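K.L.:
My questions all concern the structure below.
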Amino acid sequence: GGGGGANRDVYVSILGGGEPVWLTSEAGIDVQPVWSPDGLYVAFLRTGQKFDEKAHLIVIPAFGGQEMEIARVWSGLDWSPDGKSFAVCDQEGSGGANAVYLLSRNGESRFALTHPDPKRSEFDTFPKFSPDGRYIAFIRTLSGVSGDIFICDIQNKNIRQLT
C-alpha cells in the first residue's frame, strides 16, 4: 500500500464499508500485522531494505496515533490472547539459529521457548498462539528446504512435532 515502490504500509478497514484508515507511512516495509486481543492496537514488523537487519516490532493504536517501538527481532509475530506478550522469532548472537521467543508486551523481558540446532541448519518461524494461550505452534525448517509444524507448551517448554 501507501507510498508505492518498496514501501508497504498497514491499513485498517471498518467492517460494513467506509474508507480504510492508513496507519503507517514511514519508509520501510510494514508486514505481519496482528490485532491486540482488545482490538485497540495493531502490532507489526517494519523491515528495511537490507536482508541482514532485524525488523522493528512496532505497536500503534488501531485507528492511528503515535507508533511505539517494542523490540528488534528477525521475523514472526503473534500477540498472546491475554495481551501481555508477543511470540517472535529471533536468535542469540550471530551464529545462533532462529528460535521462538516469548517477549513481554513492553519488550523488557524475553526468553527462548525453542532451541533449534544450527549445526543441522534448523530454524523456527511463524509462531502462533493457541486460543487459550497455553501453546505456540511454529514451523521448524531444515536447511531452508522443508518445514514441519511443531507445538510448544509454554509452561514446560515441551515440544512435539505434528507433521
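The values are calculated or read from the model by the stated rules, or taken from the named source; none is laboratory data. Source: prediction; values computed, not measured. No Cβ is skipped: glycine too gets one built from the backbone with ideal geometry, and neighbour counts run over all protein chains shown. With ligands, DNA and RNA removed, areas are computed over all heavy atoms of the protein, side chains included. Shrake-Rupley method; radii C 1.70, N 1.55, O 1.52, S 1.80 Å.
K.L.:
Taking the conditions exactly as written (modelled with pLDDT under 95, buried (at least 17 other Cβ atoms within 10 Å of the Cβ) and touching a strand residue (DSSP E or B) at 6+ places or on another chain (Cβ under 8 Å)), does PRO127 satisfy them or not? Quick ask: steps written out before the conclusion?
P.N.:
Working: modelled with pLDDT under 95: no; buried (at least 17 other Cβ atoms within 10 Å of the Cβ): yes; touching a strand residue (DSSP E or B) at 6+ places or on another chain (Cβ under 8 Å): yes.
Here the answer is no, as PRO127 does not meet what is asked.
K.L.:
Scan region 82-104 for residues that are more than 14 Å from ASP153 (Cα to Cα) and either in contact with a strand residue (DSSP E or B) (Cβ under 6 Å, 6 or more places away or on another chain) or in a strand (DSSP E or B) (or both) and jot them down.
P.N.:
Taking region 82-104 first, the residues more than 14 Å from ASP153 (Cα to Cα) are 82-86, 88-99, 103-104.
Matches in region 82-104: SER85, PHE86, VAL88, CYS89, ASP90, ALA97, ASN98, ALA99, LEU103, SER104.
K.L.:
Another one. So which of SER121, SER109 is in contact with a strand residue (DSSP E or B) (Cβ under 7 Å, 6 or more places away or on another chain) and among the hydroxyl-bearing types (Ser, Thr, Tyr)? Can you show your working first?
P.N.:
Working: SER109 fails: in contact with a strand residue (DSSP E or B) (Cβ under 7 Å, 6 or more places away or on another chain).
Selected residue: SER121, the only one of SER121, SER109 that is in contact with a strand residue (DSSP E or B) (Cβ under 7 Å, 6 or more places away or on another chain) and among the hydroxyl-bearing types (Ser, Thr, Tyr).
K.L.:
In addition: Output the number of the condition that ILE139 fails; it satisfies all remaining conditions of (1) open to solvent by 30 Å² or more (accessible area, probe 1.4 Å); (2) modelled with pLDDT of 90 or more; (3) in a loop (DSSP other than H, G, I, E, B).
P.N.:
(3)
K.L.:
Among LYS84, LYS157, LYS119, which is the only one that is of a type in the set (Lys, Arg) and touching a Leu at 6+ places or on another chain (Cβ under 9 Å)?
P.N.:
Values: LYS84 fails: touching a Leu at 6+ places or on another chain (Cβ under 9 Å); LYS119 fails: touching a Leu at 6+ places or on another chain (Cβ under 9 Å).
Only one candidate qualifies: LYS157.
K.L.:
Further question on the same structure: Filter region 142-160 down to residues that are assigned to a strand (DSSP E or B) and over 19 Å from the mean Cα position of the chain (by Cα) and give me whichever is farthest from VAL100 (Cα to Cα). First the steps, then the outcome.
P.N.:
Step one: list which residues in region 142-160 are assigned to a strand (DSSP E or B), which gives 142, 146-153, 159-160.
Now drop any that are not over 19 Å from the mean Cα position of the chain (by Cα), which leaves 142, 146, 159-160.
Working: LEU142: 15, SER146: 18, ILE159: 11, ARG160: 14 Å.
Among them, the one singled out is SER146.
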